[in-house]
Amino acid sequence: MPRASAAIPDPAAFLAQADRIRTSDHPRFMRMLAQIHRDAPRLGPAEQWHLRYLDAWQTGYQGDYTKADPKLRAIAEHSGNPALAARASALRLIGLGFTRRYEETFVLADRLAAELPHIKDPLARFQVLINLSQAMLLADKRDLALKYARMIEDKPPPGETLCPSRMLQITIQYDSPRLSSSSPEFHRAIETCRAAGQPVYVNALRLVMVDTYLREKQPTKALALLDRIEPEIRSSAYYEQMESAAELRAQALLALGRLAEARTAALAALSLSDPNEISEALKAVYEVLYKIEKKLGNATAALSYFERYAAQDKGYLDDVSARALAYQTVQQHLLTEKLETEKLSRQNAMLRLQRALDAKAVETGRLYILMLLLIVAFIASWLYRLKRSQMRFKRLSQHDGLTGIFNHQHFIGEAARVLQALKKKKEQACLISIDLDYFKQVNDTHGHAMGDAVLKQTVAICKQELRPADLFGRLGGEEFGILLTGCSRHQGLDIANRIRIAIDATPMGDGDRVITISASVGLASTEVSGHDLQRLCMEADAALYRAKGAGRNRVVAHAGTGDLFVTEDASRPAPTRQGDATALYVAESE
């Protein structure tokens, strides 16, 4: 018979040791975790909770944040250990962010920030600061994220180093123009984490370095560094880093013109990802695959990958908006609660004052009336400010912050409502999708300030051609949607082409610099497609892709018979308001 393994003499010390080496020696951590599980029935309550924390950490490390969250929440609420509860709550922040439960993320972040001065355990405080910094980066509050990252350096707990703080500071400042592959703080952070024996953090920084090499158009250096670090990444088995390494390898190989290898790397990155998720990594992978198939002349495959890239791009922009909206919502709720607390406090003060005034009613009558008026004025002022704040918040939630027109979500909701009303009245409508041609080059060449100016001027041009009843919204990036109510297909083509010509003919800029830009337009009509919004959107998008595929700067309308499209050529004059169709021709789809 095989001999049973000896019991662990000091389970608490054994668990603490495993806790310390989670990221520095992950294979050994896994062996220790398996060993302590064999002794689990003999553990006391405190050791049981610590073991459950390490199990939950490992579940999140493998990328299964949905499964890890209820385990961490149970530890935070029932373990009875304040330090372990704080660590579990801090770890929940990352999982909630990855699973896009943004309001819960920022509510929990606010609670932990309030509790921070009362957290006495050095390791718990250390981990709370790390995760608060990452949560603020998720909300794009970089100043706050940097503040928490630097607070980590004040009092690191025994056995911990400055590695997490310096890695976070590099991550937060990654988009800064002054941070390059040769920046001293970059290399100092890597050396700090290497000296601390933290391979997961070292590899995270090296992956940022690879991305920096690619931004600096040094794909050979990027590939060489990836070749060096990928064995360590596979050894640590950290899901996020394996996915990122595959995606960066595909970009580097594409930049070097090694198309077959780039395709293999991109497909490997896809195999590591959930196809239903929205992420920057997936967006980059689909962009690589699209460019490869385009270079190889595979038009069908290229179009398929471009559509997925476009969906990822839209999804990513929507996700950024959702994060910002969630953060604003949480802050608004906190402000309302604060105002309610202040209101109750003042009401209590009023009652105390009223009791005092009752004792001297005759002498202080005038003072009583004056105080009452002041209180009424205060309450009225507070209600007014609260109402104004709510109205402003409602507008922010419905309108695009840059252009002032409807945002994607509100436009879709209003369009569906209007289409149903038009269907009952048996009236027609047209849905127009507008996409600015080569807009990314405007941002890359002239900067985002010029890009913002172009978007605003485009909106102003479109508004000149629209009627009060028409709906106008920004669907994401440089794409816009217009619902023309009470409008036939030929009238819709007329309006769409006038918009296209006006955009093409109008110089745009932000002062000293002036550029010209064109737009591709897709149109779907209820005469052909019916009043279902989803179908109109699909057919308008299909027409838009046809416009781009046909050379851009043109209007394409879905015709609805035999998969034909009516196309407005940019080189021909626009049809008149009376329906002059001399500039129209029919092109069969591929």
Quiz item: What's the number of the condition Val210 fails, among (1) touching a residue at least 60 places away in the same chain (Cβ under 8 Å); (2) part of a helix (DSSP H, G or I)?
Solution: (1)
Quiz item: Just checking, how many residues over segment 10-60 are without any contact (Cβ under 8 Å) to a residue 12 or more places away in the chain, assigned to a loop (DSSP other than H, G, I, E, B) and under 19 Å from Tyr201 (Cα atoms)?
Solution: 1
Quiz item: Quick one: Gly197 ticks every box in (1) within 20 Å of Thr23 (Cβ to Cβ); (2) assigned to a helix (DSSP H, G or I) bar one, so which box is it?
Solution: (2)
Practice problem: Return yes or no: is Thr212 assigned by TED's automatic domain parsing to the domain that holds Ser236, surrounded by 15 or more Cβ atoms within 10 Å (Cβ to Cβ), over 22 Å from the mean Cα position of the chain (by Cα) and modelled with pLDDT of 85 or more? | Solution: no
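Answer with yes or no whether Arg52 is in contact with a helix residue (DSSP H, G or I) (Cβ under 8 Å, 6 or more places away or on another chain) and surrounded by 15 or more Cβ atoms within 10 Å (Cβ to Cβ).
Criteria met by Arg52.
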Quiz prompt | helices (runs of 4 or more DSSP H) contained in segment 227-317 and holding at least 3 residues of a type in the set (Val, Ile, Thr) and touching a residue at least 24 places away in the same chain (Cβ under 8 Å) | solution = 280-295
Self-check item: Residue among Ala237, Ala250, Ala195, Ala246 that is surrounded by 15 or more Cβ atoms within 10 Å (Cβ to Cβ) and within 21 Å of His26 (Cβ to Cβ)
Solution: Ala246
Self-check item: Among residues of segment 23-49, those that are closer than 26 Å to Arg101 by Cα and either of a type in the set (D, E, K, R) or surrounded by fewer than 16 Cβ atoms within 10 Å (Cβ to Cβ) (or both), counted
Solution: 0
Quiz item: Of the residues in segment 61-91, how many are in contact (Cβ under 8 Å) with a residue 24 or more places away in the chain, among the charged types (D, E, K, R) and over 22 Å from Ala40 (Cα atoms)?
Solution: 0
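Across segment 62-105, what is the number of residues that are over 21 Å from the mean Cα position of the chain (by Cα) and in a helix (DSSP H, G or I)?
Final tally of qualifying residues: 19.
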Quiz item: Here are Leu138, Leu112: which of them is under 15 Å from Ile94 (Cα atoms) and either under 19 Å from the mean Cα position of the chain (by Cα) or touching a residue at least 60 places away in the same chain (Cβ under 8 Å) (or both)?
Solution: Leu138
Exercise. Kindly check whether there is at least one residue in segment 477-493 that is of a type in the set (A, V, I, L, M), touching a Leu at 6+ places or on another chain (Cβ under 7 Å), under 22 Å from Ser525 (Cβ atoms) and surrounded by fewer than 23 Cβ atoms within 10 Å (Cβ to Cβ).
Key: no
Practice problem: Considering (1) farther than 15 Å from Val555 by Cβ; (2) in contact with a Ser or Thr (Cβ under 9 Å, 6 or more places away or on another chain); (3) in contact (Cβ under 8 Å) with a residue 24 or more places away in the chain, say which one Ala469 fails and leave the rest. | Solution: (3)
Quiz item: Among the residues of segment 394-448, which ones are under 23 Å from the mean Cα position of the chain (by Cα) and in a strand (DSSP E or B)?
Solution: His399, Phe406, Asp435, Leu436
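Take the conditions among the polar types (S, T, N, Q), at negative phi, touching a residue at least 24 places away in the same chain (Cβ under 8 Å) and buried (at least 18 other Cβ atoms within 10 Å of the Cβ) and apply them to Ser133. Does it pass?
Answer is yes for this residue.
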Exercise. Give just the number: which of (1) acidic (Asp, Glu); (2) more than 24 Å from Glu153 (Cβ to Cβ); (3) at pLDDT 85 or above does Glu191 not satisfy?
Key: (2)
Quiz item: Are any of the residues in segment 215-225 over 25 Å from Ser182 (Cβ atoms), free of Cβ contacts under 8 Å to residues at least 60 places away in the same chain and not hydrophobic (A, V, I, L, M, F, W, C)?
Solution: no
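Would you say Arg535 is among the charged types (D, E, K, R) and either surrounded by 21 or more Cβ atoms within 10 Å (Cβ to Cβ) or in contact (Cβ under 8 Å) with a residue 24 or more places away in the chain (or both)?
So Arg535 does not fit the description; no.
The values are calculated or read from the model by the stated rules, or taken from the named source; none is laboratory data. In this text the structure is predicted, and so the values were computed from the model without any measurement. Every residue, glycine among them, receives a Cβ derived from its backbone with ideal geometry; neighbour counts consider all protein chains shown.
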